[in-house]
């Protein structure tokens with residue numbers, strides 16, 4: 001597979017490549033160019049020209065292009081889903097959902113192109129105020145491996161809807177679907193240089209995107225450590241940033257909750273994509289009065305999960321890469337060895353060539369033992385006595401991305417939602433993120449928002465014009 005620059009596939013100037021490996025089998029499925037800073041500079045030269053052309057067409061024309069892209073993605077959903085599963089690992093059913101969700105995101109942004117407008121007013125004694133929102137120009141999109149298609153759509157869809165050009169850098173372990181999506185966008189009518197994908201190591205390509213002075217906005221999804229490095233590298237250029245840096249979401253089960261619904265929601269969301277979702281239920285906080293029932297039912301549900309190659313009929317696939325599996329195993333082993341939690345089921349690497357780890361349930365977990373997120377198929381259950389205790393535990397980590405409260409009492413729901421410090425709070429559901437909802441976090445989870453009408457502020461700059469009277 002080649003990079004996608006200026007509307008066509010191309011090799012890197014380095015002539016070097018990186019292997020893409022199937023996480024379920026360990027086999028090489030393709031190679032991608034190992035891009036360089038020179039590749040990024042060359043792309044920016046092309047993008048700068050076509051960005052002006054793309055920005056100049058009407059909102060209705062931009063909308064037609066994005067709608068066309070959504071339709072083409074839907075038409076190719078089966079092949080795209082197979083490709084996504086092969087490179088990322090998730091079950092085919094989840095990949096199909098992600099691809100269809102990706103189409104929906106582009107369709108949503110098509111509906112929003114006409115909303116990129118500013119403000120106007122008559123200011124007595126001063127004149128006519130006209131505030132217009134202009135495209136930023138060239139936007140960098142650094143995309144992780146866990147939800148590559150969807151997160152690419154969030155970033156590229158918003159940037160394109162506002163009249164910007166995009167230079168995207170996918171993860172080396174899941175770049176292939178994004179390359180296909182870029183091709184579809186150009187076939188649908190995006191001017192070639194307005195949609196570019198440069199593959200290669202983050203330390204080289206990602207760094208070049210962040211440091212290039214002509215890329216005026218960077219949207220980054222990844223770890224807190226890398227996000228801090230991105231912010232430092234962007235600071236000398238006074239570059240606009242949107243940073244989504246992960247989370248350690250609390251899933252709070254009150255004593256009056258529908259326990260069956262809560263168990264179903266916790267298991268579905270915690271083991272979706274093998275637990276590799278920024279907003280998955282990484283800490284399950286259960287009222288001590290119903291904890292035994294919850295754990296018993298959760299154990300029964302978890303032990304029914306089938307694990308295997310995502311191309312087969314399974315509930316859960318492998319972790320995306322061996323480094324991630326080792327990190328999950330190490331985190332679980334430490335909790336058990338420190339006796340800061342009790343292992344109920346799972347807790348082991350699975351046999352075979354892939355990066356498989358058994359779905360794991362821990363109970364009576366000390367909340368300090370999971371201050372850092374476990375990015376994998378592990379459900380730690382933490383007991384609490386009062387709602388205030390639950391909220392305190394929920395807020396006790398450096399993260400603030402998402403959380404949920406499960407209760408039948410509207411007062412409990414509103415109280416918890418108000419007190420939890422996170423960018424998103426769900427009530428009696430978790431993980432659902434339609435593109436209409438602004439998404440982002442607080443504290444170490446980053447800043448800025450993707451999706452919703454907030455994207456207009458992230459991907460445009462206001463220009464104030466005052467006409468004297």
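The values are calculated or read from the model by the stated rules, or taken from the named source; none is laboratory data. Not measured: the values here are computed from a predicted model. Note: ideal-geometry Cβ built from the backbone for every residue, glycine included; neighbour counts use all protein chains shown.
In segment 372-394, which residue that is in a loop (DSSP other than H, G, I, E, B) and in contact (Cβ under 8 Å) with a residue 40 or more places away in the chain is surrounded by the fewest Cβ atoms within 10 Å (Cβ to Cβ)?
The extreme case among them is 385.
Yes/no per residue for (1) without any contact (Cβ under 8 Å) to a residue 12 or more places away in the chain; (2) surrounded by fewer than 18 Cβ atoms within 10 Å (Cβ to Cβ); (3) over 19 Å from the mean Cα position of the chain (by Cα):
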position: 265; (1), (2), (3): no, no, yes
position: 269; (1), (2), (3): no, no, no
position: 304; (1), (2), (3): yes, yes, yes
position: 335; (1), (2), (3): no, no, yes
position: 342; (1), (2), (3): no, yes, yes
query = In segment 182-241, which residues are assigned to a helix (DSSP H, G or I), in contact with a strand residue (DSSP E or B) (Cβ under 6 Å, 6 or more places away or on another chain) and closer than 12 Å to residue 142 by Cβ?
reply = 205, 206, 209, 210, 227, 230, 234
inquiry  = Which condition from (1) touching a strand residue (DSSP E or B) at 6+ places or on another chain (Cβ under 7 Å); (2) without any contact (Cβ under 8 Å) to a residue 24 or more places away in the chain is the one that residue 141 breaks?
reply    = (2)
request  = Could you pull out every one of the strands (runs of 3 or more DSSP E) wholly within segment 268-371 that has 1 or more residues that are under 26 Å from residue 24 (Cα atoms) and in contact with a strand residue (DSSP E or B) (Cβ under 8 Å, 6 or more places away or on another chain)?
outcome  = 342-345, 360-363
request  = Give the number of residues within segment 213-223 that are closer than 18 Å to residue 449 by Cα and surrounded by fewer than 18 Cβ atoms within 10 Å (Cβ to Cβ).
outcome  = 1
request  = Evaluate the following for residue 352: is it crowded, with 23+ Cβ neighbours inside 10 Å and either modelled with pLDDT under 95 or within 19 Å of residue 263 (Cα to Cα) (or both)?
outcome  = no
request  = Filter segment 15-61 down to residues that are under 13 Å from residue 166 (Cα atoms) and either outside any helix (DSSP H, G or I) or free of Cβ contacts under 8 Å to residues at least 60 places away in the same chain (or both), then give me how many there are.
outcome  = 2
query = Only one of (1) touching a strand residue (DSSP E or B) at 6+ places or on another chain (Cβ under 6 Å); (2) without any contact (Cβ under 8 Å) to a residue 12 or more places away in the chain fails for residue 125. Which number is that?
reply = (1)
query = So which of 250, 261 ends up being in contact (Cβ under 8 Å) with a residue 60 or more places away in the chain and surrounded by fewer than 24 Cβ atoms within 10 Å (Cβ to Cβ)?
reply = 261
ask   = If the Cβ limit is 8 Å and pairs must be 6+ apart or interchain, which residue in segment 351-370 that is assigned by TED's automatic domain parsing to the domain that holds residue 390 and under 16 Å from residue 292 (Cα atoms) pairs with which residue that is modelled with pLDDT of 95 or more and assigned to a loop (DSSP other than H, G, I, E, B)?
value = 361/346; 362/341; 362/347; 363/341; 364/341; 365/340; 365/341
ask   = Of the numbered conditions (1) under 30 Å from residue 157 (Cβ atoms); (2) part of a strand (DSSP E or B), residue 422 satisfies every one except a single condition; which is it?
value = (2)
remark   = Over segment 157-168, the set of residues more than 10 Å from residue 138 (Cα to Cα), outside any helix (DSSP H, G or I) and touching a residue at least 60 places away in the same chain (Cβ under 8 Å) is 162
note = Note: among 90, 96, just one is under 30 Å from residue 323 (Cα atoms) and crowded, with 24+ Cβ neighbours inside 10 Å, namely 90
query = So residue 239 fits all but one of (1) buried (at least 18 other Cβ atoms within 10 Å of the Cβ); (2) assigned by TED's automatic domain parsing to the domain that holds residue 422; (3) on the phi < 0 side of the Ramachandran plot; what number is the exception?
reply = (2)
